[in-house]
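The values are calculated or read from the model by the stated rules, or taken from the named source; none is laboratory data. Small disclaimer: the values here were computed from a predicted structure and weren't measured. So basically every Cβ, Gly included, is an ideal-geometry build from the backbone, and we count neighbours across all protein chains shown.
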C-alpha cells in the first residue's frame with residue numbers, strides 16, 4: 001500500500017506541474033480535477049495505512065503526519081548536481097532519521113520524526129542519469145544538502161525532463177507566432193508522458209483525456 005501511495009504522489013506532482021504551465025481554463029480545470037482525485041485517493045490510503053491494529057497498542061508514532069517538501073535550491077559542478085532542502089532543526093534528530101534513496105533518474109529524501117513530523121522530498125525523471133553509488137547527502141544546520149553524482153560531466157539546463165519539455169514547448173510557441181494554440185505544447189507533453197509513462201500514469205492521463213472529450217472539446 002505504501003508503494004501505491006508513493007506512485008500516486010508522483011502522478012499528482014506531475015499533474016500539478018502541468019497545471020502550473022497551462023494557460024487555458026479548461027486545461028487547468030482538467031488537470032486540477034485529476035490532481036484532486038489523486039489527492040483524495042492518497043488521503044484514503046494513508047488513513048487505511050495508519051489505522052491502528054487491534055492486536056497492538058497505539059504508539060506515539062501513529063500521531064506523526066507526513067509533510068511533502070517542494071521548495072529547494074539547486075546548483076551544480078562538473079561532478080554533482082546539488083540540492084539544498086531547508087529544514088529547521090534537522091541537525092537535532094538522530095543521524096539515522098535522515099535517509100536519501102537514489103536511482104539512476106530519481107532521488108527521495110526521508111526525514112523521520114522531526115518535531116513529530118515526517119518529511120519527504122522527491123524528484124523524479126531527472127534531466128540526466130546519476131550514479132546512485134557515488135551520490136550522497138549531508139545534514140547541515142537547518143538544511144540537508146543532497147549531492148547527486150552526474151554520470152556525464154555535462155551542464156544541466158533544468159532539473160527534470162518535464163521542466164525542459166515544458167520550457168521547450170513554450171519557446172516553440174513563441175517562435176511559431178500568436179496564431180498557434182497556446183495549449184498545443186501542454187497537450188503534446190501529455191501525449192509524450194502517456195507514451196513514455198508507467199501504467200499508472202497512462203491510466204490517469206487516459207481518464208483525464210476521455211472525460212474532457214465527453215464533456216466538451218478543449219478550446
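Observations on the model:
- Residue in the stretch 88-98 that is out of contact with any helix residue (DSSP H, G or I) (no Cβ under 9 Å at 6 or more places or on another chain), closer than 30 Å to residue 153 by Cβ, in a strand (DSSP E or B) and at pLDDT 80 or above present: no
- Boolean, residue 115 is closer than 27 Å to residue 152 by Cα and outside the structural domain of residue 13 (by TED's automatic domain parsing): no
- Residue check for residue 85: farther than 15 Å from residue 9 by Cα and within 21 Å of the chain's Cα centre (by Cα): yes
- Number of the exception - residue 117 against (1) in contact with a strand residue (DSSP E or B) (Cβ under 7 Å, 6 or more places away or on another chain); (2) farther than 19 Å from residue 11 by Cα; (3) modelled with pLDDT of 95 or more: (3)
- Check on residue 15, in contact with a helix residue (DSSP H, G or I) (Cβ under 6 Å, 6 or more places away or on another chain), at pLDDT 70 or above and more than 18 Å from residue 139 (Cα to Cα): yes
- Extreme residue, nearest to the chain's Cα centre (by Cα), among residues of the stretch 137-163 that are surrounded by fewer than 18 Cβ atoms within 10 Å (Cβ to Cβ) and more than 18 Å from residue 73 (Cβ to Cβ): 161
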